[in-house]
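Quick notes on the structure that follows.
The values are calculated or read from the model by the stated rules, or taken from the named source; none is laboratory data. Note that the structure is a prediction, hence the values are computed from the model and not measured. Here the Cβ positions follow ideal geometry from the backbone for every residue, glycine too, while neighbour counts run over all protein chains shown. Calculation scope for accessible area: heavy atoms of the full protein, side chains included, ligands and nucleic acids excluded. Shrake-Rupley method; radii C 1.70, N 1.55, O 1.52, S 1.80 Å.
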Amino acid sequence: MREDIIYFTRNLQSPCSRAVNKRPDVKIINPDTDYTEQLANAKAAIVDEDEDRQEVIKALLKEKLPVALCGLIGETPDSLKRLCAAAKRRHIQVCWIGSWRYEWAMARMKETITSGVLGNIQQFKLTKPEGMGIFERLRDDDLLNWLAAYGNDAAYAFEEINGIGYRLTTTGSRGSATATIAPDGKNEFAIALCDEQPRVDSQPSAPMEAEIGYLLFAINTGRPWTMLGRIPN
């Protein structure tokens with residue numbers, strides 16, 4: 001019976017590695033070594049964002065192992081479609097890690113929208129740095145689709161400004177809320193309702209640790225990876 005969850009990385013200081021290092025139930029493997037025997041006893045794999053990880057992914061697909069990719073560095077729309085198709089043929093789950101959903105401020109935003117305190121959601125405005133690529137756009141879409149379940153008629157606005165980090169403002173009929181991820185990773189959540197004084201709260205966020213924790217829970221309990229980034233087909 002396959003029991004191991006394995007993690008491929010060359011960089012033990014990467015964000016994904018620092019989260020995995022807190023989990024004793026994950027075996028860390030350098031992709032430059034012979035990992036054939038480890039695959040035979042593995043039930044799922046996590047792959048860090050090395051530029052040349054395609055050989056590792058091919059080996060995992062051959063073994064029909066569910067795969068979680070830390071970021072999508074070097075991927076293209078065509079390569080993602082091929083990966084999704086290969087996973088479907090083998091009836092395995094694949095996902096990407098790095099969702100904005102796990103940031104503390106974005107979780108607060110979800111709770112606020114779901115509670116209804118903002119009233120009817122009228123607009124989502126996303127402000128972010130310029131020049132982001134396919135992975136960043138996929139993260140944006142994933143976040144907005146997650147939030148828009150409670151604001152399907154809302155308008156969308158986008159603005160690119162360097163130096164402020166990542167900011168999402170949700171405006172409703174009874175007020176607005178803003179979730180900010182600063183360049184240093186610190187999170188801030190502000191809410192201003194029509195009949196109340198504005199409130200601002202901030203705290204550090206550890207999104208990768210929360211996401212890895214959810215992934216391992218889903219793997220060990222045989223659940224679908226519904227809260228993880230879907231590879232587009």
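Here are a few things to note about the model shown:
- Globularity ratio of segment 1-118, using Cα Rg and 2.2 N^0.38 Å: 1.20
- Unpaired Cys in the chain, meaning no second Cys C-beta under 4.7 Å: Cys84, Cys95, Cys194.
- Estimated from helices alone, the mean residue ellipticity of the chain at 222 nm is -9500 deg cm²/dmol (sum of -39500 (n - 2.57) over DSSP H runs with n ≥ 4, per residue).
- DSSP H segments from the chain that extend 18 Å or more along their own axis, Cα-based, with Kyte-Doolittle mean of -0.5 or above: 134-147, 207-221
- For the residue pairs Lys58/Lys81; Lys22/Lys62; Lys58/Lys88; Lys27/Lys64, the alpha carbons lie more than 21 Å apart in Lys22/Lys62.
- Rolling a 1.4 Å probe across the protein heavy atoms gives the chain an accessible surface of 51 Å² per residue.
- Under-5 Å amide H pairs with Gln122, H placed in peptide plane, nonlocal only: Thr171, Gly172, Ser173
- Residue-normalised convex hull volume from the C-alpha trace of segment 151-192: 76 Å³ per residue.
- Loop GluC sites (Glu not before Pro), segment 83-186 (other Cβ atoms within 10 Å of the site Cβ: 14 or fewer; DSSP): Glu130
- Cα centroid separation - segment 141-198 against segment 1-67, whole Å: 35 Å
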